[in-house]
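Participant: Got a structure for you, questions after.
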Amino acid sequence: MKSFLILLFAISYSLPKFSAQTNEKRSYLELNAGVARIFYDGYFPGFSFLIGQQKMLSSNTFLEYQAGLALPTIVTGKIGLGYQNKFIGVSGGFRVFPSMFYGQIHFRTKKGQLNISAEQTPFNLDNWDLGPSFGANNVFSLGYQWNIGESKR
C-alpha cells in the first residue's frame, strides 16, 4: 500500500507538466456488467452506471476518472492513467470502492468505446468480513462508454 501511495504522489506531481500540452477532454457515460470472485471460492454478478472523463495529457496518454452507481456496492469510482491510439488503448489505476487495482483494454468505436477490465484487490480478505473490497478478490467486466456533450462530435 505504501508503494501505491508513492506512485500516486509521483503521478500527481508530474501532472502539471503534462496537462499544459493539451486541453482535449472526452466525457462519457459508461455501463458495465461483470462478475466478482468473492471470498476465494464464490462468484457474484455486478453492474455499474458511471459518468467519467478522459483528460489528454499528451497526444496518446490520458488521465481517466469516473464515478457512479453500482450493484451490489451502491457507489463506485476509479482513477487511472492510460495510452490510446486510433483504435485500441490500455489503462490501469485504482478503484477507490470497492478497493481494487485495475487493468483495462479499450476498443474505440464511432460513438464511444468497448472496455474489457480485470481487477485485483490489494487486501487480504482473511482479515475482513466485507472490508474495503466489499468481499471481492477479483472483478472481471465488460462495458461500453458512450461519448456525451462536446465529445459526441
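Participant: Filter the strands (runs of 3 or more DSSP E) completely within the range 47-153 down to those with at least 2 residues that are hydroxyl-bearing (Ser, Thr, Tyr) and within 19 Å of GLY34 (Cβ to Cβ).
Facilitator: On the way: elements: 61-71, 74-84, 88-97, 100-108, 112-120, 136-147.
By residue number, 136-147.
Participant: For the range 78-96, give me each residue that is more than 15 Å from ARG26 (Cβ to Cβ) and touching a residue at least 24 places away in the same chain (Cβ under 8 Å).
Facilitator: LYS78, GLY93, PHE94, ARG95
Participant: Here's another thing I want to ask about it. Kindly provide the set of residues from the range 35-72 that are of a type outside the set (A, V, I, L, M, F, W, C) and closer than 20 Å to TYR144 by Cβ, ordered by number. Explain how you work it out, then say what you get.
Facilitator: From the range 35-72, those of a type outside the set (A, V, I, L, M, F, W, C) are 37, 40-43, 45-46, 48, 52-55, 58-61, 64-66, 68, 72; that's our starting set.
Within the range 35-72, PRO45, GLY46, SER48, GLY52, GLN53, GLN54, GLU64, TYR65, GLN66, GLY68 qualify.
Participant: Look at the range 129-149 and say how many of its residues are more than 20 Å from PRO45 (Cβ to Cβ), surrounded by fewer than 14 Cβ atoms within 10 Å (Cβ to Cβ) and at pLDDT 80 or above.
Facilitator: Final tally of qualifying residues: 1.
The values are calculated or read from the model by the stated rules, or taken from the named source; none is laboratory data. Predicted model, so just to flag it, every value in this text is computed and none were measured. So basically every Cβ, Gly included, is an ideal-geometry build from the backbone, and we count neighbours across all protein chains shown.
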